[in-house]
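J.: Structure in structure tokens, see below.
The values are calculated or read from the model by the stated rules, or taken from the named source; none is laboratory data. Not measured: the values here are computed from a predicted model. Positions of Cβ are backbone-derived with ideal geometry, glycine not excepted, and every protein chain shown enters the neighbour counts.
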Amino acid sequence: MSKLYFNYSSMNAGKSTLLLQAAYNYEERGMNTLLLIAAIDNRAGKGRIASRIGLGADADIFETNDDVFKHIHNVHETKTVHAVFVDEAQFLTEDQVWQLARVADELKIPVLCFGLRTDFQGKLFPGSQALLAIADNLKEIKTICWCGRKATMVARLDADGNILEEGDQVVIGGEDTYVSLCRNHWRKRTLAE
């Protein structure tokens, strides 16, 4: 039975590394994978998934108005797809999450999604909210705060390294823009001492 998986964490926990490793495991066994990444995230280049430790792979991009079920179905008709991997899954729409559920249910292809659970204000992303609600399997990928406790929150930084409390939900950035914190230090807005 194929399932819809959601692997979530805060920033810099190794989500993309784990995605690329799992995809490699399928490919090493002669199985075809389909990698997807949100078009909005072009930090590694358009249509590219990359990890901070140097791993990378090309991926198909999805926009918020794309029918991902149709895309996956079309690819599957030309070559058998054994697994679908979605990076930056927080940027999926609720409809797209349901489309991915259809991929697992109707096409019998496992779908492994990797993404953030919450934004810098502690609010769920739409894609993450839908995945938390309907995914068959939820797995937290752990990382740590500067204090050594489990980091579950993300803080956004301004150009001077100060924590921002307001702004657009989506601002693409890496370690210079975001830092993962435990809930206590996120709540207190305390960076490493």
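J.: Any idea which of (1) on the phi > 0 side of the Ramachandran plot; (2) modelled with pLDDT of 85 or more; (3) small (Gly, Ala, Ser) is the one GLY45 doesn't satisfy?
T.: (2)
J.: Report, by residue number, each residue of the range 127-165 that is in a loop (DSSP other than H, G, I, E, B), touching a residue at least 24 places away in the same chain (Cβ under 8 Å) and not small (Gly, Ala, Ser).
T.: ASP136, ILE141, LYS142, THR143, CYS145, TRP146, CYS147, ARG149, THR152, GLU165
J.: Pairs under 8 Å by beta carbon, first residue charged (D, E, K, R) in the range 96-107, partner part of a helix (DSSP H, G or I), six or more apart or different chains?
T.: From the range 96-107, the pairs are ARG102/PHE69.
J.: Follow-up. I'd like to know if the range 45-60 contains one or more residues that are part of a loop (DSSP other than H, G, I, E, B), crowded, with 16+ Cβ neighbours inside 10 Å and in contact (Cβ under 8 Å) with a residue 40 or more places away in the chain.
T.: No; the residues of the range 45-60 include none that is part of a loop (DSSP other than H, G, I, E, B), crowded, with 16+ Cβ neighbours inside 10 Å and in contact (Cβ under 8 Å) with a residue 40 or more places away in the chain.
One line per residue, one yes/no per condition, for (1) more than 16 Å from the chain's Cα centre (by Cα); (2) surrounded by fewer than 16 Cβ atoms within 10 Å (Cβ to Cβ); (3) within 22 Å of MET31 (Cβ to Cβ):
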residue: HIS82; (1), (2), (3): yes, no, yes
residue: VAL103; (1), (2), (3): yes, no, yes
residue: VAL111; (1), (2), (3): no, no, yes
residue: LEU116; (1), (2), (3): no, no, no
residue: PHE120; (1), (2), (3): no, no, no
residue: ILE144; (1), (2), (3): yes, yes, no
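J.: Considering only the range 2-18, I want to know if a residue exists there that is touching a strand residue (DSSP E or B) at 6+ places or on another chain (Cβ under 8 Å) and more than 23 Å from LEU132 (Cα to Cα).
T.: Residues of the range 2-18 that are touching a strand residue (DSSP E or B) at 6+ places or on another chain (Cβ under 8 Å), as a first pass: 2-13, 15-16, 18.
Pick out the ones that are also more than 23 Å from LEU132 (Cα to Cα) and you get none.
No, the range 2-18 has no match at all.
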